[in-house]
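Below you'll find the structure, written out as structure tokens, and then a few comments.
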Amino acid sequence: MDIQDKIKRAAHILMLRSHSKPGVKGWELRRALGDDYIRVIELLDKELSDIGFKVAIKTESGEEPSSKDDYDDSFFYVTFKSPPDWPEIRGSGWRIDELAALAVAISLIAGRGGKAKYEEILDVLAKKIPERRARALITRFIKQGYISGEEELELGWRTLVEVDVKGLLKAIIGSSKQSTS
Amino acid sequence: MYRDELIKILQICREQEDPFKVNVVDLLERVRKIFPLIKTEEEINLDLEALLSLSDVVLKQEDIVEHKTSLLYVDALLVLLKLEKMSLKELADSLRRNWKPIVEARGININFLLTALDYWGSKELLGKDIPIPPEREVEISMELSEELEKELERIKGEIKGEVDYHEFIKEDPLRRAYLISILATRGDISLRKDPMTEKITILPHPSAGEKVSMVIEVI
């Protein structure tokens, strides 16, 4: 397999979901692409960059891998390179109230240092959307991997990959400052 | 002689949840004063344990101070207040600006087929009970009926006797036609079409006859 074939293969492996959740482990890429798989991924990342995507690599705990050994156990994903615009979001089926509810859930959990009670999140959401819908959305976010847990909720694997939590908290505080001043 | 006092210091260090409520300086001073006076081996061990427990308390205090002074620390109450003030649009946009969703293309694989089975196996769509493994049943019921069920019940309650279909849906044609179609598909109600006048009537009970698909112009 020449390098171009390896890049194509890497794109197929990363973008066509074969597991119940997205993401491919480094060792799976090594098995499919060979020992130089990290170089192949770097080249793929450059190609994806032209069309607004990138390869994101995260360890199980959501950190960037710090050493070469970490790569084999890390997860590789293709994500947007920059935040999507509203037409893209609407096109992918997300509604404003759904995105807002997710923002509330993630911010409350992050603001509480990583864990927040289900009832507390529900209380805040129920002030903005009907309670039944709030419950259904929390269930959906858990199913999608944005949050996890039952009575006490934590940030899920998908949030750690997709969301800049620190940036979100800054935006929440900044935005509120504007609206209250 | 000093055993009880050392045990008390140990208890304070271990049981107090907030490390800042432990008066470390006072307790250390007490341990320092006791040390030259203790005689038994047990007291020496307890003294050592007390000292270690006090150092644990100091470590916990240090962790908290470190977290609170780091960029990651945000006051939870402040976040809560801001969230309550923000509109849905502002909240959604805050997330959008910090969100880079995963991109994936879906081909046909075993997971895709299982999702399809969930869809076609649902009671709401086929109007009949298809055996589904219990763990999948929970998923389906949450996905398809949680929000609709109450609305369906309400609409069903409105159909007391035979009513004209178009009269019934005119208040909110698309939504009510959609709900009626679900109730009819499930067999909770039935529809009758007069072949001469083409008038459609909603009946509050299921039909005894053969089920047929019906196309109705709504708007």
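Across the options A:Ile173, A:Leu108, A:Leu122, the greatest Cα extent toward the positive end of the charge dipole of the protein assembly as shown (unit charges at beta carbon of Lys, Arg, Asp, Glu) belongs to A:Ile173. Of the GluC sites (Glu not before Pro) in region A:112-180, the ones in a loop by DSSP (not H, G, I, E or B) with at most 13 other beta carbons within 10 Å are A:Glu150, A:Glu151. For the pair A:Lys25 and B:His205, a Förster radius of 60 Å applied to the C-beta separation gives a FRET efficiency near 0.60, rounded to the nearest 0.05. The longest part of chain A holding none of the exposed loop trypsin sites (Lys or Arg not before Pro), meaning those outside H, G, I, E and B in DSSP with at most 13 other Cβ atoms within 10 Å, is A:1-94.
Expected output is a single nm value to one decimal: the length gained when fully extending between B:Thr40 and B:Asp18, i.e. 0.36 nm times separation in residues minus the C-alpha distance. What is it?
Between B:Thr40 and B:Asp18, full extension yields an extra 4.7 nm.
Counting only residues at least eight positions apart within a chain, or on another chain, the lysines with an alpha carbon under 20 Å from that of B:Lys193 are B:Lys156, B:Lys160, B:Lys170, B:Lys211.
When only the Cβ of Lys, Arg, Asp and Glu is charged (+1, +1, -1, -1), the dipole of chain A relative to its Cα centre reaches about 640 debye. About its Cα centre, the dipole of the protein assembly as shown is roughly 1140 debye, where the only charges are +1 on Lys and Arg Cβ and -1 on Asp and Glu Cβ. For the Cα atoms of chain A, what angle does the longest principal axis make with the long axis of helix A:165-180, in degrees from 0 to 90, nearest 10? Approximately 30 degrees, to the nearest 10. Taking 7 Å steps out from each Cα toward its Cβ at A:Glu64 and A:Thr139 produces label points 3.9 nm apart.
Under 17 Å from a label point set 7 Å out along the Cα-to-Cβ vector of B:Leu81, the amide N atoms of region A:83-111 belong to A:108, A:111. Take each residue of peptide A:135-144, count the partner chain Cβ atoms within 10 Å of its Cβ, and average: the result is 2. If you take all other residues with their beta carbon under 14 Å from the beta carbon of A:Thr59, and give Lys and Arg +1 and Asp and Glu -1, the sum is -4.
Applying 1/(1 + (r/R0)^6) with r as the Cβ-Cβ distance of A:Asp35 and B:Ile216 and R0 = 45 angstrom yields a FRET efficiency of 0.10. The C-alpha atoms of chain A define a longest principal axis, and helix A:96-111 lies at about 90 degrees to it. First measure r as the distance between the Cβ atoms of B:Glu153 and A:Asp123, then evaluate 1/(1 + (r/R0)^6) with R0 = 22 Å and state the FRET efficiency to the nearest 0.05. With a Förster radius of 22 Å, E is 0.25. Positive-end ranking of A:Ile38, A:Pro22, A:Ser66 along the dipole of region A:3-82, with charges on Cβ about the Cα centre, is headed by A:Pro22. For region B:20-49, applying the loop criterion from DSSP together with a ceiling of 11 other beta carbons within 10 Å to the trypsin sites (Lys or Arg not before Pro) yields B:Lys39.
In peptide A:100-112, what is the residue-averaged number of other protein chain Cβ atoms found within 10 Å of each Cβ? Could the numbers behind the result be given before it?
Numbers: counts 12, 4, 4, 12, 9, 2, 4, 10, 4, 2, 4, 10, 5.
Other-chain Cβ atoms within 10 Å of each residue's Cβ, averaged: 6.
Determine which lysines satisfy two conditions relative to A:Lys143: a Cα distance under 16 Å, and not lying fewer than 8 residues away in the same chain. Once the sequence-local lysines are set aside, what remains near A:Lys143 is A:Lys21.
Rg to Rh ratio, region A:43-132, alpha-carbon atoms and Kirkwood radius?
Taking Rh as the inverse mean 1/r over Cα pairs, Rg/Rh reads 1.08.
Taking a straight Cα-Cα cut-off under 17 Å and skipping sequence neighbours fewer than 8 places away in the same chain, the lysines within cross-link reach of A:Lys166 are A:Lys58, A:Lys115, A:Lys177, B:Lys68, B:Lys82, B:Lys100.
Over all orientations, chain A has a Cα convex hull whose mean projected area works out to 12.1 square nanometres. The share of Cα pairs per 20 Å bin across the protein assembly as shown, counted from zero up to the longest distance, runs 19, 38, 29, 11, 2, 0 percent. The alpha carbons of region B:1-42 occupy a box of 33, 17, 12 Å along the principal axes, longest dimension given first.
Applying a DSSP loop filter and a limit of 12 other Cβ atoms within 10 Å to the GluC sites (Glu not before Pro) in region B:1-84 leaves B:Glu17.
Compute the acute angle (0 to 90°) between the alpha-carbon long axis of helix A:37-49 and the principal axis of greatest extent of the alpha-carbon atoms of chain A; round to the nearest 10°. Tilt relative to chain A: about 60 degrees.
At 1.4 Å probe size, with every protein chain present, just tell me what the per residue accessible area of region A:47-181 comes to in Å².
48
Rounded to the nearest 20 debye, the dipole size of region B:143-219 about its Cα centre is 220 debye, using +1 on the Cβ of Lys and Arg and -1 on the Cβ of Asp and Glu.
By the scheme Lys and Arg +1, Asp and Glu -1, what is the net charge of all other residues having a beta-carbon under 15 Å from that of A:Glu152?
Every neighbour counted, the sum reads -3.
The mean number of Cβ atoms from other chains found within 10 Å of a Cβ in peptide A:164-171 is 6, as a whole number.
The values are calculated or read from the model by the stated rules, or taken from the named source; none is laboratory data. As the structure is a computational prediction, the values presented were derived from the model and not from experiment. No Cβ is skipped: glycine too gets one built from the backbone with ideal geometry, and neighbour counts run over all protein chains shown. All accessible areas refer to the heavy atoms of the entire protein, side chains included, with ligands and DNA or RNA removed. Shrake-Rupley method; radii C 1.70, N 1.55, O 1.52, S 1.80 Å.
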